[in-house]
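First up is the structure itself, then whatever we jot down about it.
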Amino acid sequence: MSAVWVTLWFRAFVATLVVESAVATPLLKGHAWTRRLGALLLVNVATHPIVWFVIPVLTRRSLSWTESVIVSETWAILGETAAYRLIFPDLSWKRCLAISALANLASTAIGL
């Protein structure tokens with residue numbers, strides 16, 4: 001893995017945090033802002049490296065670029081949904097899914 005690739009990932013990671021925090025933080029209202037931002041950071045640390053470094057390697061021979069993006073974003077949404085639910089057990093699964101989906105759709109749209 002080259003330093004250039006890691007640098008590109010880090011830039012994408014920071015951009016993802018900015019975009020997703022703008023979307024998810026207001027939707028997590030009712031909780032301290034530090035907890036909301038901490039949760040956002042945690043869920044992205046858990047999913048973003050897999051989206052960038054693992055899924056492309058696993059799918060490069062069997063899936064097209066578009067299919068790989070779909071797999072990556074599905075992983076991110078489902079992984080973050082579960083993490084939000086664990087962090088905020090008072091939120092329903094449906095709400096956690098909506099927050100994760102909206103945040104990931106926004107960051108993916110801007111990233112692509």
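The values are calculated or read from the model by the stated rules, or taken from the named source; none is laboratory data. Not measured: the values here are computed from a predicted model. In this analysis, Cβ positions are derived from the backbone assuming ideal geometry, glycine residues included, and neighbour counts consider all displayed protein chains. Just so you know, the surface numbers come from the protein's heavy atoms only, side chains and all, with ligands and any DNA or RNA stripped out. Shrake-Rupley method; radii C 1.70, N 1.55, O 1.52, S 1.80 Å.
When Lys and Arg each count +1 and Asp and Glu each count -1, what net charge do the other residues less than 14 Å away from residue 83, Cβ to Cβ, add up to? Net charge in that neighbourhood comes out at +2. Rounded to the nearest 500, the 222 nm mean residue ellipticity of the chain from helices alone is -27000 deg cm²/dmol, with -39,500 (n - 2.57) taken per DSSP H run of at least 4 residues. Taken per residue, the accessible surface of the chain reaches 60 Å², heavy atoms only and a 1.4 Å probe. Shape analysis of the chain yields a ratio of the Cα radius of gyration to the Kirkwood radius, Rg/Rh, of 0.98.
What does the convex hull of the Cα atoms of region 20-66 come to per residue, in Å³, rounded to a whole number?
79 Å³
Listed values for region 28-38 are Karplus-derived 3J(HN,Hα) couplings in whole Hz (6.51 cos²θ - 1.76 cosθ + 1.60, θ = phi - 60°), namely 9, 4, x, 10, 4, 4, 5, 5, 5, 5, x, and x replaces Gly and Pro.
Sorting 15-22, 34-41 by their mean Cβ neighbour count within 10 Å, with the most densely packed peptide first, gives 15-22, 34-41. Each residue of region 54-71 was assigned a 3J(HN,Hα) from its phi angle through the Karplus curve 6.51 cos²θ - 1.76 cosθ + 1.60 (θ = phi - 60°); the sequence is 9, 4, x, 5, 6, 10, 4, 9, 10, 10, 6, 4, 4, 5, 5, 5, 4, 4 Hz, with glycine and proline shown as x. Cα-based radius of gyration for region 49-101, normalised by 2.2 N^0.38 Å, reads 1.31. As a fraction of the 1.4 Å probe accessible area of the chain, surface on carbon and sulfur atoms comes out at 73 percent.
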